[in-house]
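> Got a structure for you, questions after.
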Amino acid sequence: MSKKCILIAGSGFAGLWAAISAARAIELTDKQDEVEIVMVSPSPTLAIRPRLYEAVIENMNPSIAEILDTLDVRHIAGVVRDIDADGKTAVIIHNDGTSETVGYDRFVLATGSKLFAPSIPGLDEYSFNVDTLPAAEKLEAHLQSLVDEPPSEARNTVVIAGGGFTGIEGATEMPERLRSILGRDASVRVLIVDPAEQIGKEMGDQVVEVVEQALDELGIESRSGVLVSAIEKDSVTLSSGEEIPARTVVWSAGMRAHELTAQVPGEKDELGRVVGDEFLRAPAARGIFVTGDTVKAATDDVGNYAVMSCQHSLSLGRVAGHNAAAELVGLELHPYSQPKYVTCLDLGPWGALLTEGWDRQVQMKGADAKKVKEEINRVWIYPPEADKNTMFAVANPDHVIVP
Ligand SMILES: Cc1cc2nc3c(=O)[nH]c(=O)nc-3n(C[C@H](O)[C@H](O)[C@H](O)COP(=O)(O)OP(=O)(O)OC[C@H]3O[C@@H](n4cnc5c(N)ncnc54)[C@H](O)[C@@H]3O)c2cc1C
């Protein structure tokens, strides 16, 4: 008898935890001989995207190969290019360029998100970003190369385009990062640009107050209520008409769901995410589960939805993986719910900010919050030990990691 197949696209936070949770459900019912798990992604690694704004790009792509071996998950090195929801098949392009069509019984879409890149003159040619590991490495190489250029205002200036979570984290690291490259006495300039009336406004007034204090103390300038309208090699122009000499523009204007969501029949939200049901199924595509940054999912019954975040992706992954397997092995499906919401915003050498609730009440700030951020970034979001008992103990779909 051929085995039924759970095909997981993506080995990020959601894909990894979907695999662990699905393996747990299969083992709970002792159906390892009946159901197999196959994961497709460019490499059996977990890209630690939340840390890519940091100055030192180290251990940002740990291997998950041993975990997959322990769980008997077969990894295919490549990408899913096409999904045929009616025929229940997916076309995979292997890393060597060859392709194959794989049939599935359940498909878990965990291909994450990508940086939003509108059509702005010079954006592709001259801007940098920290969306992927290669992009973060390119930014780092560029910053390191600035020291070989003749000193100028443009050389010493970094503009961060986008004052959301990622933009603020990148900006607050930047003055120290630049000084460590250009010299302690170098006169560096870091600006953060955002269309909102205040930097951090979308996170609420309490956050704005703390962010303003941190930016001020770190000497970071801001331009709010304006957009970047053009980027050149040595300058950036704002919608206000202001032209800022800058050799470095870091684009940080939000994320959009991976393009494969467009191939899943059914409703999408403004970020391109598939609107999932309570079990994270794509309601218009039988057999497809959507998870992590690819799904719009209600976290509670009072109108809140998961945001594109690690915090949500870890739980969304567990629930989608469990449910994909549960449908095949005869376990009860588990509804997704994650009412507790916490954010921890890194503010560079100033510290960090920990908030709780959707209204983002400040719980902790400065050095104490920084310790929490470091624990999240360096421990909690990393892959678990490749030991079945350890993994299964925290793969229950009810399990939630919050500070
Ligand atoms: C700079 C930065 C800072 C961030 N800071 C925070 C933070 O502080 N807190 C927080 O909670 N979140 C943060 N985030 C967001 C967080 O990283 C994402 O929400 C999270 O990574 C989403 O997890 P995911 O598993 O859905 O997708 P991803 O982590 O994006 O993983 C997607 C996976 O799919 C694979 N893939 C892509 N295309 C294909 C394909 N066609 N076929 C097969 N596989 C494919 C990729 O290789 C990868 O393995 C940050 C993100 C960035 C970029």
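The values are calculated or read from the model by the stated rules, or taken from the named source; none is laboratory data. Nothing here was measured: the structure is a model prediction, and the numbers come from that model. Neighbour counts run over all protein chains shown; Cβ positions are idealised from the backbone, glycine included. Areas reflect the complete protein model, heavy atoms only, side chains present, ligands, DNA and RNA absent. Shrake-Rupley method; radii C 1.70, N 1.55, O 1.52, S 1.80 Å.
> Strictly greater than 39 Å: what percent of every Cα pair in the chain meets that?
Counting every Cα pair in the chain, those more than 39 Å apart make up 21 percent.
> Given charges of +1 on the Cβ of Lys and Arg and -1 on the Cβ of Asp and Glu, with all other atoms neutral, how large is the dipole of the stretch 123-251 about its Cα centre, in debye to the nearest 20?
The dipole of the stretch 123-251 has a size of about 300 debye.
> Please report how far the C-alpha centroid of the stretch 158-199 lies from that of the stretch 305-384, rounded to the nearest whole angstrom.
Centre-to-centre (Cα) distance: 26 Å.
> Say the dipole of the chain comes from +1 at the beta carbon of Lys and Arg and -1 at that of Asp and Glu; which of M174, G266, G225 then lies farthest toward its positive end?
Checking the options against the dipole of the chain, the answer is G266.
> If you place +1 on the Cβ of every Lys and Arg, -1 on the Cβ of every Asp and Glu, and leave all else neutral, what size is the dipole of the stretch 292-395 about its Cα centre, to the nearest 20 Debye?
280 debye
> Which pairs, out of K3/K88; K268/K296; K201/K233; K4/K268; K138/K373, put more than 18 Å between their alpha-carbon atoms?
Long pairs (Cα-Cα over 18 Å): K201/K233; K4/K268; K138/K373.
> Continuing with this model, one more query. Can you pull the three principal axis extents for the Cα set of the stretch 123-251, in Å, largest first?
On the principal axes, the stretch 123-251 reaches 42, 29, 29 Å in Cα extent.
> Please give the charge dipole size of the chain, origin at the Cα centre, charges +1 on K and R Cβ atoms and -1 on D and E Cβ atoms. Round to the nearest 20 debye.
With Lys and Arg at +1 and Asp and Glu at -1, about 380 debye.
> Something else now. Determine the share of the chain's accessible area contributed by carbon and sulfur atoms, expressed in whole percent, with a 1.4 angstrom probe.
Using a 1.4 Å probe with all protein chains present, the chain comes out at 48 percent carbon and sulfur.
> Helix-only mean residue ellipticity at 222 nm, the chain, DSSP H runs n ≥ 4 weighted -39,500 (n - 2.57), per residue, nearest 500. What is it?
Helix-only estimate at 222 nm: -8000 deg cm²/dmol.
> Cβ under 11 Å from I93's Cβ, I93 left aside: what net charge do those residues give with Lys, Arg +1 and Asp, Glu -1?
-2
> Report the net charge of residues surrounding E36, where surrounding means a beta-carbon distance below 9 angstrom and charges are Lys +1, Arg +1, Asp -1, Glu -1.
So the environment of E36 carries a net charge of +1.
> Something else now. Could you grab the relative contact order for the stretch 123-251? Cα pairs under 8 Å, six or more apart, rounded to a whole percent.
Reported relative contact order: 32 percent.
> Accessible area per residue, 1.4 Å probe, Å², for the chain: what's the number?
Here the per-residue accessible area is 43 Å².
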